[in-house]
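The values are calculated or read from the model by the stated rules, or taken from the named source; none is laboratory data. Computed from a predicted model, the values in this text were never measured in an experiment. Here Cβ is always computed from backbone atoms with ideal geometry, including for glycine, and neighbour counts include all displayed protein chains.
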Number of protein chains: 2
Amino acid sequence: MNPVIETIMNHRSIRKFEEKLLTDEQIRTIVECAQAASTSSFIQAYSIIGVKDPNKKQRLAEIVGNQAYVAENGHFFVFCGDLHRHQVISEIEEKDLSTSLESTEKFMVATIDAALAAQNAVLAAESMGLGACYIGGLRNNLEEVCQILNIPTFVIPLFGIAVGYPAQMPDKKPRLPFEHVYHEEGYQQDKDLYKQELATYNQTISDYYTQRTKGKRTDTWTGQMANMLENPKRMYMKDFVKKQGFNQQ
Amino acid sequence: MNPVIETIMNHRSIRKFEEKLLTDEQIRTIVECAQAASTSSFIQAYSIIGVKDPNKKQRLAEIVGNQAYVAENGHFFVFCGDLHRHQVISEIEEKDLSTSLESTEKFMVATIDAALAAQNAVLAAESMGLGACYIGGLRNNLEEVCQILNIPTFVIPLFGIAVGYPAQMPDKKPRLPFEHVYHEEGYQQDKDLYKQELATYNQTISDYYTQRTKGKRTDTWTGQMANMLENPKRMYMKDFVKKQGFNQQ
């Protein structure tokens, strides 16, 4: 196992950090690593906002549902899909780019671009002995996140990443079976086999929780997913995304 | 610079590979690295399809616009956003999950999940001495990609990744200035400064092309972007994404 694969396989989300801030040099390295990722047709459709201000971090922590690690960390990054830059380009180059910018395709491009960059950022941080946690909970209230971070149209905050010196080392949760995630030549549509693989995985997850909580928690993965998904969350997103300019046509 | 940061910073898209296939062990390592990425609320909303069949690879290469490297490589991966698994869970757990599955929010989750996994896969491959290239061109015709790969509803192929032993070592294209991508405390909305940063970058890119092509190509980044975006592409995407089940509400 080489050092890159070791870092990748050793990933766990860190939700408790030491009281020590990242240096500007560390921040720069992390951002430059993010920027080194592939980007669709060189479009570079993302921006990264770093938050140091304790008041802003506190407000973001509240949006996420009072998660202390959003406020208490070494640095907080917000990754945004960004076509605002290309809206400005349409002024500079005097060309109408609105149909592209408003398209579902370009919304996907911006989202993917931002996520590829983010994963580089997380691995770079982890390789420096730091820990990280993605914060999807920012999407609880993007209207307010946009106010806090002065976000213009054609920019959408997708998630945060809390980074810092780890003050915990949680277990790694077992992932879905390789065979269930990786299909060869085509999607595996044998439903009996599909359900059987999920049943096997349910046992793995149930055993994992049982052992970890000394029997207090025994839930299965499919049970956990059904409980989560039966209560739809963030249903304002469709309108919000459109309000920002994206995903309209 | 540690080996992880070195691998990240050394990335370039490889579009020409030696005639040598990946071993099943290499494929497994790459997929397991993909699976080690963070996933929103443990939802694991993606699948990966590996394509070995030369006929299928050839058909995919045609969709991309006859790019040889889509057919001629060590292995071809297709990364898909996947909530089909959770549709099956709704049967297993006898719960109606449709509002969640059809939401814009969960479409974003699946897209981000798949992209985080993909970037791990690319870095794992690169750390093993392999090269990789993201293939967004699959989105030229997802209807046909879905037929070739037997894709059910609530699965969407987002992009491919061609992986193999590099037979070229292209230059790295300079990215947007750090200051233009990384904002502190809030999005930088001083438009004059914003345009000035883009002008500086235009010079960087123009110099890069001039030097690389001995003056045959001198285009700026904003010019390149405006030319690309003034011709909207893949405008069928909105309807297609909905047809697959996603992004409806």
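Worth a mention:
Conditions tested, residue by residue: (1) out of contact with any strand residue (DSSP E or B) (no Cβ under 6 Å at 6 or more places or on another chain); (2) hydroxyl-bearing (Ser, Thr, Tyr).
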site: A:Met1; (1), (2): yes, no
site: A:Val4; (1), (2): yes, no
site: A:Asn10; (1), (2): yes, no
site: A:Leu21; (1), (2): yes, no
site: A:Thr29; (1), (2): yes, yes
site: A:Ser38; (1), (2): no, yes
site: A:Ile48; (1), (2): no, no
site: A:Gly65; (1), (2): yes, no
site: A:Ser90; (1), (2): yes, yes
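- Summed over the range B:158-215, residues that are touching a residue at least 24 places away in the same chain (Cβ under 8 Å), among the β-branched types (Val, Ile, Thr) and either surrounded by fewer than 17 Cβ atoms within 10 Å (Cβ to Cβ) or more than 30 Å from B:Val109 (Cβ to Cβ) (or both) total 2.
- Test for A:Ala68: is it over 19 Å from A:Lys243 (Cα atoms) and facing chain B (nearest Cβ under 7 Å): no
- Breaking point among (1) more than 9 Å from chain A (Cβ to nearest Cβ); (2) out of contact with any Phe, Trp or Tyr (no Cβ under 9 Å at 6 or more places or on another chain); (3) surrounded by fewer than 21 Cβ atoms within 10 Å (Cβ to Cβ), for B:Glu93: (1)
- Within the range A:7-33, considering residues that are within 9 Å of another protein chain (Cβ to nearest Cβ) and free of Cβ contacts under 8 Å to residues at least 60 places away in the same chain, the one farthest from B:Ser38 (Cα to Cα): A:Arg28
- In the range B:236-249, residue nearest to A:Val88 (Cα to Cα) [restricted to those that are aromatic (Phe, Trp, Tyr) and in a loop (DSSP other than H, G, I, E, B)]: B:Tyr236
- Each residue in the range A:144-185 was checked for being closer than 16 Å to B:Ala37 by Cα, within 11 Å of chain B (Cβ to nearest Cβ) and hydrophobic (A, V, I, L, M, F, W, C), and 5 pass.
- The criterion of being at the interface with another protein chain (Cβ under 10 Å from one of its Cβ atoms), in contact (Cβ under 8 Å) with a residue 24 or more places away in the chain and either of a type outside the set (Val, Ile, Thr) or in contact with a strand residue (DSSP E or B) (Cβ under 6 Å, 6 or more places away or on another chain) (or both) does not hold for A:Asn141.
- Residue, farthest from the other protein chains (Cβ to nearest Cβ), within the range B:96-123, restricted to residues that are among the acidic types (Asp, Glu) and part of a helix (DSSP H, G or I): B:Asp113
- Test result for A:Gln249, within 7 Å of chain B (Cβ to nearest Cβ), touching a residue at least 24 places away in the same chain (Cβ under 8 Å) and under 30 Å from A:Lys106 (Cβ atoms): yes
- Qualifying residue in the range A:193-216 (condition: hydroxyl-bearing (Ser, Thr, Tyr), under 27 Å from B:Ser98 (Cα atoms), within 10 Å of another protein chain (Cβ to nearest Cβ) and touching a His at 6+ places or on another chain (Cβ under 9 Å)): yes
- Cβ pairs under 8 Å, 6+ apart, first in the range B:223-235 and within 7 Å of chain A (Cβ to nearest Cβ), second at pLDDT below 95: B:Met235/A:Gln249
- Applying the set (1) under 29 Å from B:Arg175 (Cβ atoms); (2) aliphatic (A, V, I, L, M); (3) more than 8 Å from chain A (Cβ to nearest Cβ) to B:Ala36 leaves exactly one unmet item: (3).
- Evaluation of B:Glu19 against the conditions (1) more than 28 Å from A:Glu230 (Cα to Cα); (2) in a helix (DSSP H, G or I); (3) among the acidic types (Asp, Glu) shows that the sole unmet condition is (2).
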